[in-house]
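The values are calculated or read from the model by the stated rules, or taken from the named source; none is laboratory data. All figures in this text were calculated on a predicted structure; none of them were measured in a lab. In this analysis, Cβ positions are derived from the backbone assuming ideal geometry, glycine residues included, and neighbour counts consider all displayed protein chains. Each accessible area value is taken on the protein alone, full model and side chains, heavy atoms only, with ligands, DNA and RNA left out. Shrake-Rupley method; radii C 1.70, N 1.55, O 1.52, S 1.80 Å.
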Amino acid sequence: MKLKGIDVSKWQGKIDWKKVKEDGIDFAMIRLGYGKSTKDEYFDANVKGCEENGIKWGAYLYSYALTPSDAKKEADFVIKTLKGKTPTFPIAFDMEDADGYKKRNGNPSNSMLVRICDTFLQRVEDAGYYVMLYANLHWLNTKLNSPILDRYDKWLAQWSKSPTYKRKFSIWQYTSKGKVAGIKGNVDMNIAYTDFKFISKPSKPTIPEPTKKGDYHKVVSGDTLSGIAKKYGTTVSKLMEMNPH
C-alpha cells in the first residue's frame with residue numbers, strides 16, 4: 001500500500017484543499033506549531049480543510065527542546081492543542097536542527113537527544129495518540145540511533161530516488177520541491193506505507209474496579225508498566241497515581 005501525501009505549515013499560506021484532494025493527495029501532515037507554546041497560525045484552517053475534503057491528517061511539532069523537561073512541556077502543549085480534534089494519521093515529533101538552535105545552545109549529546117524524544121513520544125502516546133518520530137537519514141543513523149527509540153514508528157526525511165534507512169518506517173518524505181494543485185510554490189511530498197486505520201479518537205482511560213477481594217493484576221516476570229497499562233486500557237501515569245508507593 002502506498003498513499004500520496006504532503007506536509008504543510010504556515011509557509012504554504014492559504015491552501016485550496018478541494019484542489020489538493022482532486023490532485024490525488026490522500027493525507028497531510030500539518031504543523032501544529034513549534035516549541036513549548038507557539039501554534040502554527042494555519043493549523044486550525046488546515047485541519048478543517050482536510051476534514052471537509054476527506055483528506056486524512058496528522059500533525060507534527062518542531063521541537064526546540066534541550067532537556068527532557070522541555071520535551072514534557074512541548075508534549076503538554078501538543079495534547080492541549082489537539083483537544084477536540086480527531087487526527088487520522090500520527091502525531092510526529094520533529095527532532096532536527098534546521099535553524100541551528102540546538103547548535104547555538106550547546107548541542108545536546110546524542111543520549112540526551114534520545115531522552116528528549118522518548119519523553120515527548122511517551123507522554124503524547126499516554127494521552128491516547130499514535131506517535132511517530134520525524135528526522136532525516138543522518139540523524140536517524142547517528143544521533144537518534146538507539147534501542148530506546150526502536151519501538152516508535154519513524155517518518156523518514158530522505159530526499160532521494162529511494163529510501164535507504166535500514167530500520168522500520170511508515171512514512172517517507174522524498175522531496176521538498178513537490179507541486180500540488182491548490183498550493184502556491186513548493187511543498188514537501190510524502191509516501192505512507194500504511195493507512196493507519198487503527199487510529200481512533202482518543203478516549204478517557206478507564207480502570208476496571210475489582211470485582212472481589214484480591215482481584216488485582218498479579219505482576220509476573222517480564223511485566224512492564226506500559227504493558228500493564230495497555231492491558232487495562234489506561235496509561236502509565238494513571239497506574240502511578242493508583243499505586244504511588
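The set of residues in region 8-51 being touching a Phe, Trp or Tyr at 6+ places or on another chain (Cβ under 7 Å) and assigned to a strand (DSSP E or B) consists of Phe27, Ala28, Met29, Ile30, Arg31, Leu32, Gly33, Tyr34.
Among the residues of region 173-193, just one is open to solvent by 30 Å² or more (accessible area, probe 1.4 Å) and closer than 15 Å to Trp57 by Cβ, namely Asp188.
You will find that of Arg123, Arg151, the residue that is part of a loop (DSSP other than H, G, I, E, B) and either under 18 Å from the mean Cα position of the chain (by Cα) or in contact (Cβ under 8 Å) with a residue 40 or more places away in the chain (or both) is Arg151 and no other.
The number of residues in region 84-133 being open to solvent by 30 Å² or more (accessible area, probe 1.4 Å), modelled with pLDDT under 95 and touching a Leu at 6+ places or on another chain (Cβ under 8 Å) comes to 2. Restricting region 84-93 to residues that are part of a loop (DSSP other than H, G, I, E, B) and either among the aromatic types (Phe, Trp, Tyr) or touching a strand residue (DSSP E or B) at 6+ places or on another chain (Cβ under 6 Å) (or both) leaves a set whose member that is farthest from Pro108 (Cα to Cα) is Thr88. Taken over region 63-83, the criterion of being open to solvent by 70 Å² or more (accessible area, probe 1.4 Å) and either modelled with pLDDT under 95 or part of a helix (DSSP H, G or I) (or both) is satisfied by Lys72, Lys73, Lys80.
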